[in-house]
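I have placed the structure first, in the form of C-alpha cells, so that the comments after it can refer back to it.
What follows is calculated from the coordinates using simple rules that are stated; it is not laboratory data. Predicted, not measured: the structure shown is a model, and the values here were computed from it. With ideal geometry, Cβ positions are generated from the backbone for all residues, glycine too; neighbour counts draw on all protein chains shown.
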Amino acid sequence: MTTVSTIQSIFENLARAENQFLAAADSVPPNQWRTCPAEGRWSAGELVCHLLQVESTIIKNAGRVLQRPPKPRPFSKRFHLPMALVESRLIPRKTPIPLDPSLVGGKDEMLTQLRDLRQQTRAFLEEQTHGKDLGKYHMPHPFLGTFNLYEWFQVIASHQVRHAKQMREIAAALPKTVTPPA
C-alpha cells in the first residue's frame, strides 16, 4: 500500500516539474512559439503539444486499467530504468505517439491547456487513491519497462522535467530579435 507521504511526494514532483517547465516556457516569445530552432527540431508549441498528448494518454490508459481487477506483476517486470534517466536527456528518444500538428496553438492558449490538464491529472490521482492501491495496477512503458500507476505519475513529472530542459534549449537556439530604439 502506498502511503500518504508517497502521494504527497507525487503531488510535489508534479508541481515542481510544472513550475520548471512554465519558467522555461516564459523564455520563448509568443511570436516565436511556432518557430523551429533548427531542421528536425520541435518548436515550443510542438513540445507543449507533445506533453499534452502524452499526459492525457497516460491518464486515459490509467483509467482503462483501473476498470479491471488488478493483475499481479511478474517479478521480472518490476524492474525499470530510473526516473533520473528520463529527466537527464542523455539518451534521445523518439516519441511513440505521433505529434498532431493541428493541436499546436498560441502560447497563452497552450500553456492554459497544459495547466488545466495538470489539474485534471491531480484530480484523477486524488479520486483514484481513495479505496484503491494504485500500486497493484501496472502498465508498460515503451522504453523504460513496466510501472505501477503511482510510478506513472512520477513518469509524468520526470517527462515534464526532461522537456523543461528541451524548452530551454529551444529558447536558446531561437533567433534573437532586436527592438530598435524609440
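Worth pointing out:
- Annotation for segment 132-181 versus segment 16-41: alpha-carbon center distance of 13 Å.
- Positive-end residue of 14, 58, 32, charge dipole of segment 1-72 with Cβ unit charges: 58
- Cα extents of segment 118-166 along the three principal axes, largest first (Å): 38, 26, 10
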